[in-house]
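Here the structure is laid out as structure tokens; the discussion comes afterwards.
No lab work stands behind these numbers, since they all come straight from the coordinates. Nothing here was measured: the structure is a model prediction, and the numbers come from that model. Using ideal geometry, Cβ is built from the backbone for each residue, glycine included, and neighbour counts are taken over all protein chains shown.
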Amino acid sequence: MISVILSQPTGVDKSCQASWTMPNFTILTNQTANQPQYNYQRVGLDGTSSQCNALLQGGTFAMYKSNTLSYGFWYEFYPTGPTLMGSPTLSPGDNVFVQVVATSITTGTVYVENTTTEKTRTINLTAPSGSKLCQTAVEWIEENPNTSKKAFLTFSNFFFNECYAEDSNGKVYDLTGSQGRTLSSSSAGQQCHPSNAQGSSVQIIYDGPTN
């Protein structure tokens, strides 16, 4: 279940970024027996085409495991799996900023900041052997990364703000001309959707069950 805003600038995409306020999350009754449950918010380079075999991304997560909700930042150079970070710490209501930069087609950095606590971290990453970025698309995503789970952790609506991408020529793009997509399952239905993007901001709206 995924709600996506895609921006596809001309030229070679070099970086993308966004800020947002960490949403509030609640647990549905049927999710207590179906753990772990995840909810990710992220920005990333590539991942929208079958021609690309790598995806550089980072963002925030909520995880419900062992009857406990936890929160944090994460990063990934797909197809290597995601790494959930213990620091900087993160709580619902905190303001965050995430930037992903491709330093080449096989290397990049993920910068995360809890702007509420003023704690930051920069992670330098290398693509797995045989994988490389196409640098043809950027994305701002709300998702459930565990496709075996039929529903999101319930979350409060939130905005991706300061959504910008930069190409190799230094030209900066916002969400103008972007594509909004919503993915749902036949059993759970639509879980969330993006509003109409306005400049550098878009709201992610929860549509799933609430009890």
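A few points about this structure:
- Cys residues of the chain counted as unpaired, since no other Cys beta-carbon is under 4.7 Å: CYS16, CYS163, CYS192
- Stretching LYS171 away from ILE27 to a fully extended chain increases their span by 47.6 nm, per 0.36 nm per residue minus the current alpha-carbon distance.
- The count of lysine pairs in region 13-206 with alpha-carbon distances below 27 Å, taking only pairs 8 or more places apart or on different chains, stands at 7.
- Summing Lys and Arg as +1 and Asp and Glu as -1 over all other residues whose Cβ lies under 11 Å from the Cβ of SER15 gives a net charge of -2.
- Amide N of region 99-129 lying under 13 Å from the label point, which is placed 7 angstrom from the Cα of SER87 along Cα→Cβ: 119-122
- Peptide ranges 91-104, 22-35 listed from the most packed, as the mean C-beta count within 10 angstrom indicates: 91-104, 22-35
- Cα gyration tensor shape for region 62-156, rounded if a/c is under 1.5, else prolate or oblate: oblate
- Inter-part distance where region 71-94 and region 107-137 are each reduced to a Cα centre, Å: 11
- Neighbourhood net charge (12 Å Cβ-Cβ; Lys/Arg +1, Asp/Glu -1) for SER104: +2
- Extension gain, ASN34 back to THR122 (0.36 nm per residue minus Cα-Cα distance, nm): 28.3 nm
- Overall form of region 13-206 per C-alpha gyration tensor (a/c, 1.5; a/b vs b/c): rounded
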